[in-house]
1. Considering only residues that are touching a helix residue (DSSP H, G or I) at 6+ places or on another chain (Cβ under 9 Å) and among the aromatic types (Phe, Trp, Tyr), look in region 38-67 and name the one that is surrounded by the most Cβ atoms within 10 Å (Cβ to Cβ).
2. Determine which member of the set TRP35, TRP63 is among the aromatic types (Phe, Trp, Tyr), in the same structural domain as CYS106 (by TED's automatic domain parsing) and without any contact (Cβ under 8 Å) to a residue 40 or more places away in the chain.
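The values are calculated or read from the model by the stated rules, or taken from the named source; none is laboratory data. Because the structure is predicted, anything quoted here is derived from the model rather than measured. Counting neighbours? That spans all protein chains shown, and the Cβs are built from the backbone with ideal geometry, glycine included.
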Amino acid sequence: METISAIAGALWSLLSVVLSLAWWVVSYLLWGMLWLLLPLLLVAFIGVRVAERAFGRETVRAWVKARTMRFGSGTWNRVRPWLFALGAAPFRVLVWFVIYAVWHACISILWTPRWTPWQRAWGKKWKDARPGAKANAK
């Protein structure tokens, strides 16, 4: 019985560390978005108020409505097929999508390749054209 309680305690400790790390990442991202987006929202709000005074309330509201309707309809047209496909997918597939997205985000944050795609493509293009390329290869 002691072995089971020791294993359960270790698993509980590991789970609490993982959950606290996940909470730290989520809260860090939320605060980052707050401090990055809040000034932009404040500037946009002030800009709309200044434009309303300069051009008139109805003119500015019509302009904003035209832009948001165009953006919204374009977004809806792009998202609709994906929503249908995701709605037809089984729940466990959706869970694996979320797990993959979190995994990919963590890997992208913690690891970056040492080469850029441009350097790699440029090197492959000219590798055969250089004299003695195979002799100098490491």
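1. TRP63
2. The match here is TRP63.
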